[in-house]
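Heads up, the thing below is written out as structure tokens.
The values are calculated or read from the model by the stated rules, or taken from the named source; none is laboratory data. Given the structure is predicted, the values throughout are model-derived calculations rather than measurements. Using ideal geometry, Cβ is built from the backbone for each residue, glycine included, and neighbour counts are taken over all protein chains shown.
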Amino acid sequence: MIPFLEILLALPFLAALAMVFMRKRSRGQVAWVAAAAPLLGLLLLAWMTPAVLQGWVPRADHAWIPQIGLDLTLRLDGLAWMFAGMVLAIGALVVMYAHYYLADEDSAPRFFGCLLLFMGSMLGVVVAGNLLLLMVFWELTSISSFLLIGFWYRQQDAREGARMALAITGGGGLALLGGVLLIGRIVGSYDLDTVLASGDLIRASELYPWVLGLVLAGVFTKSAQFPLHFWLPHAMAAPTPVSAYLHSATMVKAGVFLLARLHPALAGTELFFYVVTSVGAITLLLGAWYAIFQHDLKGLLAYSTISHLGLITVLFGLSTPMAVVAGVFHILNHATFKASLFMAAGIIDHETGTRDMRRLGNLRRWMPVTSTLAIIASLAMAGIPLLNGFLSKEMFFAEALEIEGHRTMGNLVAVAALLYGMFGVAYSLRFVHETFLGEGPRRLDREPHEPPRWMRIPVAVLVLLCVAVGVVPAWTVAPVLHAGAAAILGDDMPAYSLAVWHGINRPLLMSLAGIVGGIVLYLGLRRLLNLHAAVRRSLGRHLFRWNMEALYGLAERFTLKIANGSLQRSLVWLVVAALLAGAAPFLSGAHPPLQLGASQPMPLLGWLLWLVLVACALYTIRLYRQRLLALIVLGGAGLMVSMTFVFLSAPDLALTQLLVEMVSLALLLLGLHYLPPRSPPERAPRRRARDVAVALAAGLGIGLLAYAMMTRPAADPASLEMLARSLPEAYGRNVVNVILVDFRGFDTFGEITVFGIAALIVHALLRRARMAPEKVMSGPPIKLPVPADLAQLMLPLTLTVSVFLFLRGHNAPGGGFIAGLVLAVPLLIQYVIQGATSVESRFGFDYVRCIGVGLIVAGVSGAASILFGVEFLTSGHVDLELPLVGELPLASAIGFDTGVYLVVFGGAMLILSMMGTIKPSRTRVAHLGVIEPGDRSTRTGEL
């Protein structure tokens, strides 16, 4: 069976990955690759459409982390199908539009890569069949929207808008995660089908108010509901294609999608009705009112989006079957006219150089086609008859007038609906009048003109849909609306008509009153107020800034108290914290008492190793002021630890320890170049006494923990199970390597990711670091008594050893981690002996890309197991018969180990090479034996 759902979800992410390799391609090629993902996705969706419309729910189940209930479950019911089509179709139009919108200096691969990541994240939210999986994609939408809103990161408003959006929606995501965990606790499963069928159980639980509050916190923050609505207008700092996509089909629609998705499980209570309806009604009115006073085209559209999201929220809060149908219908209508309006606003900005309505006007003379399209979309937004917005607005009025059992709330909602109709017409009139009619334009930087034809095509397509749905709704949108609403309501699906004319009734009269009242309101405001002088300051933005500044101030004061730049103080806090954490089990009685007197005989060799280890440690303390000698003696202690592992028959640990010691030695040697040869004497007796006490306590604590572990009775040790399962299940005789790449491969993947991130952080901190003039040592770098030719000769030899250790790692001591360090050692020695400039001029390896490739290889090789229906990073095995070589056993874990190999090598080399390229101050002209300021690194091409 073809995995349609898996391919559908993977397409945007694969296209986003392809953007990484298209930096040197033309913009047209990049746009075609970006458009291929949504277009192919629409073809797959069309293939599954007949089955979905007939009521079948395609589903795909793959185990991921079943221990916590997280499975890679995908399902495509009518609601998911409707949203997926909206995400893909509008996404394809946005890609076409963005191709012409972006400036020459904008990075098309970076933009389309983030946009495709955004598209894939939203697609994952709508097709997820597991609540925990939905949370994964939910947070991905927050991260990808942060990248898109801050795309023009050199602009202050873009950075501020991105931070605000991430902080608020991220906080809501944490609340939603709490609600999801409570739902799983009540239901006993995170499977969406089980949750939706357990509505009565959830509503009857004493945890229901907490569940509802936490879930609604996630919904309201994502869909910009009062009082956390203020982040959305500030997200307008994003490029207009992002705004069009974010407001129509993604991000803010994720909140109302989740409200619709969980409606069968959470709706049906008085608490749900009052909270959701009240918040939606307040948002509905505030957004519409503030939209009237905006001067920026995108600002007006942003506040109108807040208002329309409030309308959808009110409809789902009412919870009647027809209200749900109307909510789904308005989601579709809002997506079409709002995407077209944002694109039209972007065209105006692109061709006139401004979005300020105070400088625009009379654009119908200069841009007649764009003006016509934008005016039609504006009328749809206002709810004018024969356009799609009118139909869902009239359904909203009908539901607002027929609320039963809640007289006061019913009256308030009816009044709010009428005011919404008036405000919506007023801000739509202002958008049309001050942009396309009246006098103007004024003080423009360029002469207005029509955009390229293909830039208008997406707007024209969406406006045509607005007209088609408004004129013949039963032929255009009825199947889509029925599929989406039926997935929520099930057997409660009501009978309804999408006819344009239902006769003269109360909803029609309310619509007419709203249109007339909106016209009168706009004309009255123009006469009574100077709308161009009106300034509406965002209280939410002010409070957010105040809160962030307060947090920064608190963090700064805390940092000055705890970590004031003193390395000694930071180490003391770290060791004390570790001591407290280690002592907690003993002090609380959770750990059984120590088995005193338990011991085993120690051979003479063991005593010798222990004595040398202790001597090296004590002598290091004695020589701590003589840095180079102390480093050499400390290396002796590390060597004795390696020999201890050999003595205890642990060759993998011995190799790893030895190689880590060699790499650490090279790192510290490079660091010594920037330090005086001797440490200053410790003058404070109290500080020395404190350090001695902390050191003794830490040593005694580690000793007790080690003793407790070694004397603890083990009735069923995990090591025996690992030994028994290593060969039959993971096809490896080296149990240590099997544990790393198979049994706990997911942990290893996280560890190499952290290691790669740490290396990139070091690179970011040191790539432009410069030593103060008085701190730079004169003279050549530290020289070791090793000829340069011998250091170069070591490279091919160690490369051979490295490959050998890598290939044998699954069945004998070795593996990717050890092999990566082995390959790094000769290069590190060359860095120390010859300096970074000499080595990089001959080697010229891109360590940053090596880390990235390694993580991709590890992730892809681990994910490949999912295609065979098994868990992530599960190993496979094949025996090959090769000529001359004979039988060659191969385990799929070698692919993951290859990623480990590349990340370890690239990360170690990046850290150590950066230590070797810290430059002197630009004020020093004399050559001081380090890289000169004019030299460029072959790793990054930067100074």
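May I ask you to verify whether Leu902 is more than 30 Å from Asp61 (Cβ to Cβ), modelled with pLDDT of 70 or more and aliphatic (A, V, I, L, M)? Yes: the conditions hold for Leu902. If you check Leu232 against the conditions, is it modelled with pLDDT of 95 or more and either of a type in the set (D, E, K, R) or crowded, with 24+ Cβ neighbours inside 10 Å (or both)? Against the criterion (modelled with pLDDT of 95 or more and either of a type in the set (D, E, K, R) or crowded, with 24+ Cβ neighbours inside 10 Å (or both)), Leu232 does not qualify. Candidates are the residues of the stretch 666-679 that are part of a loop (DSSP other than H, G, I, E, B) and over 38 Å from the mean Cα position of the chain (by Cα); the one that is nearest to Val575 (Cα to Cα) is Ser679. Within the stretch 1-19, residues that are surrounded by fewer than 17 Cβ atoms within 10 Å (Cβ to Cβ) have Cβ atoms under 8 Å from residues that are β-branched (Val, Ile, Thr) and assigned to a helix (DSSP H, G or I) in these pairs: Leu17/Ile856, counting only partners at least 6 apart in sequence or on another chain.
Does Phe151 qualify as being modelled with pLDDT under 95 and either in the same structural domain as Ser243 (by TED's automatic domain parsing) or assigned to a helix (DSSP H, G or I) (or both)? Here the answer is yes, as Phe151 does meet what is asked. In the condition set (1) among the β-branched types (Val, Ile, Thr); (2) under 37 Å from the mean Cα position of the chain (by Cα); (3) outside any loop (DSSP other than H, G, I, E, B), Thr372 is compliant with all but (2).
Of all residues in the stretch 502-530, those satisfying the criterion of being surrounded by 13 or more Cβ atoms within 10 Å (Cβ to Cβ), of a type in the set (Val, Ile, Thr) and closer than 19 Å to Ala400 by Cβ are Ile515, Val516.
Quick grid of which residues meet (1) closer than 29 Å to Ala819 by Cα; (2) outside any helix (DSSP H, G or I):
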| site | (1), (2) |
| --- | --- |
| Asp652 | yes, no |
| Thr656 | yes, no |
| Leu659 | yes, no |
| Ser664 | yes, no |
| Pro681 | no, yes |
| Arg687 | no, no |
| Ala693 | no, no |
| Gly703 | no, no |
| Ser719 | yes, no |
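Of all the numbered requirements in (1) buried (at least 21 other Cβ atoms within 10 Å of the Cβ); (2) free of Cβ contacts under 8 Å to residues at least 12 places away in the same chain; (3) among the aromatic types (Phe, Trp, Tyr), Trp56 misses one, and that requirement is (1).
Anything in the stretch 543-565 that is of a type in the set (Gly, Ala, Ser) and closer than 28 Å to Pro227 by Cβ? List them, or say none. The answer is Ala550, Gly553, Ala555. Counting only residues that are touching a helix residue (DSSP H, G or I) at 6+ places or on another chain (Cβ under 8 Å) and either free of Cβ contacts under 8 Å to residues at least 24 places away in the same chain or among the hydrophobic types (A, V, I, L, M, F, W, C) (or both), the stretch 434-462 holds 9 of them.
Which residue is surrounded by the fewest Cβ atoms within 10 Å (Cβ to Cβ), if the candidates are limited to the stretch 681-707 and must be more than 18 Å from Ala617 (Cα to Cα) and in contact (Cβ under 8 Å) with a residue 40 or more places away in the chain? Going through the qualifying residues, I end up with Pro681. The residues in the stretch 375-414 that are β-branched (Val, Ile, Thr), in contact with a helix residue (DSSP H, G or I) (Cβ under 8 Å, 6 or more places away or on another chain) and either part of a helix (DSSP H, G or I) or over 21 Å from Leu309 (Cα atoms) (or both) can be counted, and the count is 3.
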